[in-house]
Amino acid sequence: MIRENLQEVKATLKPEVKLVAVSKFHPVEALQEAYDAGQRVFGESHVQELVAKEEVLPKDIEWHFIGHLQTNKVKYMASFVSLIHAVDSLKLLKEIDKQAQKCGRTIDVLLQIHVAKEETKFGFTPEEVKDMLAEKSWKECQHVRIVGLMAMATNTDNENQIAQEFDMVQQLFEEVKKDFFASEPSFKELSMGMSGDYLIAQKHGSTMVRVGSLIFGMRNYEVKR
Ligand SMILES: *Cc1c(COP(=O)(O)O)cnc(C)c1O
């Protein structure tokens with residue numbers, strides 16, 4: 001099943017768009033199955049779960065942390081995480097920098113942009129992110145590399161609204177790239193799109209989609225509800 005699901009999702013993606021298989025709440029057997037089908041990039045949103053899975057699964061997996069991250073938990077993943085998608089404060093950026101330095105590495109991150117019309121979504125507003133970048137103290141973080149932006153659209157059936165939100169983030173991405181990262185080709189990632197809206201996201205410049213339930217099925221906690 002997982003192998004077929006992966007193939008179906010991949011068949012709809014442009015070759016340059018990276019598929020992050022969101023495996024939160026699924027057992028290691030499910031991840032192993034995806035791995036055996038060739039998937040190497042996995043996204044998790046809970047630190048303990050990420051750490052436990054990393055310990056037992058193959059070492060060539062590229063682990064992405066996609067959830068809301070508390071500063072006191074950065075240390076548990078700093079030695080191995082490939083990309084942290086949802087940096088939503090300068091404080092968190094500084095903590096990632098500190099922990100990355102301790103591990104003698106540089107960690108790639110994305111800045112999360114708040115566009116959804118929901119209070120529960122974290123992230124910088126467009127104004128906040130521009131203010132933070134203009135303020136320059138982030139440049140002291142030598143052990144983090146900001147490689148792009150991440151956003152989640154409103155959870156709605158209204159595809160026009162979703163498209164509008166992704167379009168806004170795409171425009172912000174271009175603006176931020178021009179104003180703050182013009183000399184840095186590594187600033188090129190736009191993480192947008194989940195199972196329900198990744199095709200819309202792909203039309204609006206997404207370079208990385210985070211797809212869970214279409215690959216792994218319903219998550220256990222959702223079944224239990
Ligand atoms: C759970 C989650 C996803 C995947 O959601 P699906 O609808 O299962 O594809 C993507 N992004 C984030 C940030 C998530 O927490």
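Considering the stretch 1-53, and only residues there that are among the basic types (Lys, Arg) and assigned to a loop (DSSP other than H, G, I, E, B), the residue that is farthest from GLY217 (Cα to Cα) turns out to be LYS14. Screening GLU4 against (1) among the acidic types (Asp, Glu); (2) in contact with a Leu (Cβ under 9 Å, 6 or more places away or on another chain); (3) exposed (fewer than 15 other Cβ atoms within 10 Å of the Cβ) leaves a single unmet condition, (2).
Let's see how each residue does on (1) hydrophobic (A, V, I, L, M, F, W, C); (2) over 22 Å from SER191 (Cα atoms); (3) open to solvent by 20 Å² or more (accessible area, probe 1.4 Å):
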position: VAL22; (1), (2), (3): yes, no, no
position: PRO27; (1), (2), (3): no, yes, yes
position: GLN32; (1), (2), (3): no, yes, yes
position: GLN39; (1), (2), (3): no, no, no
position: GLY43; (1), (2), (3): no, no, no
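All told, ALA86 falls short of being small (Gly, Ala, Ser), within 14 Å of the ligand (Cβ to nearest atom), within 20 Å of ARG3 (Cβ to Cβ) and at pLDDT 95 or above.
Just to be sure before I move on: is SER206 polar (S, T, N, Q) and under 17 Å from the mean Cα position of the chain (by Cα) in the structure I sent? Spelling it out, SER206 is indeed polar (S, T, N, Q) and under 17 Å from the mean Cα position of the chain (by Cα). Filtering the stretch 204-216 for residues that are without any contact (Cβ under 8 Å) to a residue 24 or more places away in the chain, within 14 Å of the ligand (Cβ to nearest atom) and open to solvent by 60 Å² or more (accessible area, probe 1.4 Å) leaves an empty set. Of the residues that make up the stretch 138-145, is at least one outside any strand (DSSP E or B) and within 16 Å of the ligand (Cβ to nearest atom)? No, the conditions are met nowhere in the stretch 138-145. Of all residues in the stretch 89-128, those being more than 29 Å from LYS59 (Cβ to Cβ) and acidic (Asp, Glu) number 4. The set of residues in the stretch 113-133 that are assigned to a helix (DSSP H, G or I), open to solvent by 50 Å² or more (accessible area, probe 1.4 Å) and touching a residue at least 40 places away in the same chain (Cβ under 8 Å) contains only LYS130.
The residues listed here are ALA201, ALA153; of these, the one that is closer than 30 Å to ARG3 by Cα, within 16 Å of the ligand (Cβ to nearest atom), small (Gly, Ala, Ser) and part of a helix (DSSP H, G or I) is ALA201. Suppose the filter is more than 15 Å from the chain's Cα centre (by Cα), among the charged types (D, E, K, R) and open to solvent by 30 Å² or more (accessible area, probe 1.4 Å); does LYS14 pass it? Criteria met by LYS14.
Just to be sure, is LEU190 open to solvent by 50 Å² or more (accessible area, probe 1.4 Å), modelled with pLDDT of 95 or more and within 16 Å of the ligand (Cβ to nearest atom)? Considered against the rule, which asks whether it is open to solvent by 50 Å² or more (accessible area, probe 1.4 Å), modelled with pLDDT of 95 or more and within 16 Å of the ligand (Cβ to nearest atom), LEU190 comes out as no. A single member of ASP179, ASP167 is over 25 Å from ILE107 (Cβ atoms), among the charged types (D, E, K, R), modelled with pLDDT of 95 or more and more than 15 Å from the ligand (Cβ to nearest atom), and it is ASP167.
The values are calculated or read from the model by the stated rules, or taken from the named source; none is laboratory data. Everything quoted here is computed from the prediction, not taken from an experiment. As a convention, Cβ positions derive from the backbone with ideal geometry for all residues, glycine included, and neighbour counts pool all protein chains shown. To get the accessible areas, we keep the full protein, side chains included, count just its heavy atoms, and leave off ligands, DNA and RNA. Shrake-Rupley method; radii C 1.70, N 1.55, O 1.52, S 1.80 Å.
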